[in-house]
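Since the structure comes first, as C-alpha cells, the remarks are kept for the end.
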Amino acid sequence: GLFKVVADKTPYVSIEEITRKVPIGPTRFGHPRFYSPEDIKLANFTIKRGEQITFNSVEEVNGMMAVNCVVVRNNQSYSFTLPLSQEGKFFECEDDQIYTLKEIAEWKIPKCRNRIVKLSNTLHMWDSSNPLPESFDGCLILMPVYEVQAVMKFRKDIVHILSDLDVEVKDITDCCDISSFLQPLSLEDVFERTTMEFPMVAEIMEGPSGSKKPCNLLSPGKEIVIYKKYQAARVLASEIRSDSPKRHFLIPMSYKGKFKRRPREFPTAYDLQIARSEKEQLHVVATKAFASPHKELFSVSVGDQFLVQQCQTSEILYEGRKKLVDVLTCEQILSDTYKKVLLPMYMEGGFVEVIHDKKQYHLSEICKEFRLPFNVKVSVRDLSIEEDVLAAVPGLQFEEEITDSYLLVSGVSSPVESWEIPVYRLNMLVHLLSKDVQTVVPPMTKTTVEEISEEQYYMVRRYENQTLHPPPRPPKKPT
C-alpha cells in the first residue's frame, strides 16, 4: 500500500539531534523539512519563525560539522548552514507526499522514534488478503523491527538474523580471510558498476519474490551473464475501464504488435485545446449539456458535434464591464452547413472523439505522430511473444513515455535469447563469479511487456519529469 506520514509532534532540541535521528542524504527522500517556532538569527540571515527549512546535506565547514539548508521566501531560495551545536525547538513539517512502506522504513522513520502514517485511499484497493478492515481510514503506528542480513563462510544463501536475538558476537575480522565470503549485490549495486566491467557472470543468491518474473532464469542458484547496463524507453499504458482496479503496463518500443485508435474522452474545452494537433482536425460529440452565462459564448446540447480549431481571446460583457477571456473556436457541424462558435475554456462539459482514421499503427508511429495520452486497442498481436497480455485488453490508454534502467541478461550455458530486467522493480541479490564470458555479443533480445502493480505505477509516474505534464486548467469563471 501507499501511505502519508503524519508530522511528528515531538520537537528536536538541536540540529545535532536531527542529524543523529533523521536520514539526510543525496536522494529525493533525504531532504527533510523542519520549522522553528522562534526566529533564528544567523550572522547574515534570519530564519523567521514557522519558515520551512530544508536540510540537504551534512558536511564539514571551517573545521565544524554543519548542515547545508535552504529556505524559500517569496519564490526565492536562500542557502545557509546551521552548525550541529545550534539549539532550539525544531518541529517536523507536514508532508503531502505518498510513500511505500519500504521508503518509510529506509528514510522516514527517525531512530528511536515511532512513525504514525495514514493510509492513502486514492490508490489503496482492499481485498481479502489485506490485514486492515475494509472501511479502515485511520492512522497506524509503525514500530520497525530490524534484522541483520548476513553471509556465512562457504554458504551461498543469505542468513536473516533478528536484531533482538540474545547472542554474543565476537569480531574476528583481523584473523579471517574476507575473500572467502561471498559479496551479495543488488541489481542497483550491479548497475553502479562501470561500463568497462561488463559483461560479467553472476550467480543468483536470492531471486525476485512473487510469481510474475520477467523470465525463468531468475531462480536461486542459476548462473547468468549480465551483458550491459543502459537506459531504455517504455510507454506507460493503463487499461481503459470505468471500474477499478485498472491494470498497468510498460511497453517496450520493440513491441511488434499493431494498434487501432479508440475514441478519447475530454471533460473540458481546455482538454480539447491540449489534444488538438496540426496533423488532423479533432472531431468531437458533446456528451453533456452546458448553458453559457454569456450571450457571446455558445450553449452546448448533448449530441452537438464540433470540429476543434484554435484558442483565442474574446471580449464578453461581465457584470456590466467588458472582459477578455480565453475561448476555443470551433465549427459546429449542422445538417448541411457549419457554424462558427466560441466555447469558454473553463467550460465543464463532456466530449467524446469521433474517429475517421482506420489505419493500424506501430507503437513508435503513435509516439511520433500523436500527443499522449492516446487511446488504442491491439488489432494485431505481437507474434514473437508467447502470450501477448495486451491482446486480451479491450482498450488501452498510452499515458506517457518514460525512460528506465535495465540490465541485459541471459543464461550461461548455450544462451539462445537475452532478457531486459528492470533494475528498480526487481528485488534480487547476486554475487559475481570469476568466470570468463564465452561471447560478449548478447543473443537475440526477447521482447517483454511488463505488467506493473498499482504501487509501481504510482512510483513510475512520480519519478517522471513534471514539466512534461500539461499546465493547470484555467479558472472556471473569468476573473
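The values are calculated or read from the model by the stated rules, or taken from the named source; none is laboratory data. All values derive from a computational prediction rather than experimental measurement. Here the Cβ positions follow ideal geometry from the backbone for every residue, glycine too, while neighbour counts run over all protein chains shown. Just the protein is used for accessible areas: all its heavy atoms, side chains included, with ligands, DNA and RNA removed. Shrake-Rupley method; radii C 1.70, N 1.55, O 1.52, S 1.80 Å.
For segment 23-37, which residues satisfy the criterion of being of a type in the set (A, V, I, L, M, F, W, C), part of a loop (DSSP other than H, G, I, E, B) and within 16 Å of residue 83 (Cα to Cα)?
Selection gives 24 alone.
Condition test on residue 345, is it surrounded by 14 or more Cβ atoms within 10 Å (Cβ to Cβ) and closer than 30 Å to residue 313 by Cβ?
yes
Checking the condition open to solvent by 40 Å² or more (accessible area, probe 1.4 Å) and either at pLDDT 95 or above or not assigned by the TED database to the domain that holds residue 120 (or both), which residue from 78, 35 passes?
Among 78, 35, only 35 is open to solvent by 40 Å² or more (accessible area, probe 1.4 Å) and either at pLDDT 95 or above or not assigned by the TED database to the domain that holds residue 120 (or both).
Which of the residues spanning segment 177-208 are over 27 Å from residue 441 (Cβ atoms) and not aliphatic (A, V, I, L, M)?
177, 179, 180, 181, 183, 184, 206, listed by residue number.
Name, by its number, the condition in (1) free of Cβ contacts under 8 Å to residues at least 40 places away in the same chain; (2) open to solvent by less than 30 Å² (accessible area, probe 1.4 Å) that does not hold for residue 439.
(2)
Would segment 237-253 turn up any residue that is hydrophobic (A, V, I, L, M, F, W, C), open to solvent by 10 Å² or more (accessible area, probe 1.4 Å), within 28 Å of residue 348 (Cα to Cα) and not in a strand (DSSP E or B)?
yes
Within segment 38-76, which residues are in a loop (DSSP other than H, G, I, E, B), closer than 19 Å to residue 88 by Cβ and not charged (D, E, K, R)?
42, 43, 44, 45, 50, 52
For segment 348-392, give me each residue that is open to solvent by 40 Å² or more (accessible area, probe 1.4 Å), acidic (Asp, Glu) and assigned to a strand (DSSP E or B).
348, the sole residue that qualifies.
Residue by residue through segment 136-186, note down the ones that are surrounded by 10 or more Cβ atoms within 10 Å (Cβ to Cβ), aliphatic (A, V, I, L, M) and in contact with a Ser or Thr (Cβ under 8 Å, 6 or more places away or on another chain).
148
Could you please let me know if residue 118 is modelled with pLDDT of 85 or more, within 30 Å of residue 176 (Cβ to Cβ) and of a type in the set (Lys, Arg)?
no
Could you tell me which residue of segment 47-75 is farthest from the chain's Cα centre (by Cα), considering only residues that are of a type in the set (S, T, N, Q) and at pLDDT 90 or above?
Going through the qualifying residues, I end up with 68.
To keep it simple, each residue is scored yes or no on (1) in contact with a Pro (Cβ under 8 Å, 6 or more places away or on another chain); (2) outside any loop (DSSP other than H, G, I, E, B); (3) under 30 Å from residue 367 (Cβ atoms); (4) among the acidic types (Asp, Glu).
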{"position": "281", "(1), (2), (3), (4)": "no, no, yes, no"}
{"position": "284", "(1), (2), (3), (4)": "no, yes, yes, no"}
{"position": "298", "(1), (2), (3), (4)": "no, no, no, no"}
{"position": "307", "(1), (2), (3), (4)": "no, yes, yes, no"}
{"position": "311", "(1), (2), (3), (4)": "no, yes, yes, no"}
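So if I check each of 49, 73, 20, which one is of a type outside the set (Asp, Glu) and either in the same structural domain as residue 460 (by the TED database) or closer than 28 Å to residue 143 by Cα (or both)? Walk me through how you get there before you give the answer.
Details: 49 fails: either in the same structural domain as residue 460 (by the TED database) or closer than 28 Å to residue 143 by Cα (or both); 73 fails: either in the same structural domain as residue 460 (by the TED database) or closer than 28 Å to residue 143 by Cα (or both).
Unique residue meeting the criteria: 20.
Which number in (1) modelled with pLDDT under 90; (2) assigned by the TED database to the domain that holds residue 344; (3) open to solvent by less than 60 Å² (accessible area, probe 1.4 Å) marks the one condition that residue 218 misses?
Against the list (1) modelled with pLDDT under 90; (2) assigned by the TED database to the domain that holds residue 344; (3) open to solvent by less than 60 Å² (accessible area, probe 1.4 Å), residue 218 comes up short only on (2).
Go through segment 26-45 and report how many residues are out of contact with any strand residue (DSSP E or B) (no Cβ under 7 Å at 6 or more places or on another chain) and free of Cβ contacts under 8 Å to residues at least 40 places away in the same chain.
Number satisfying all stated conditions: 5.
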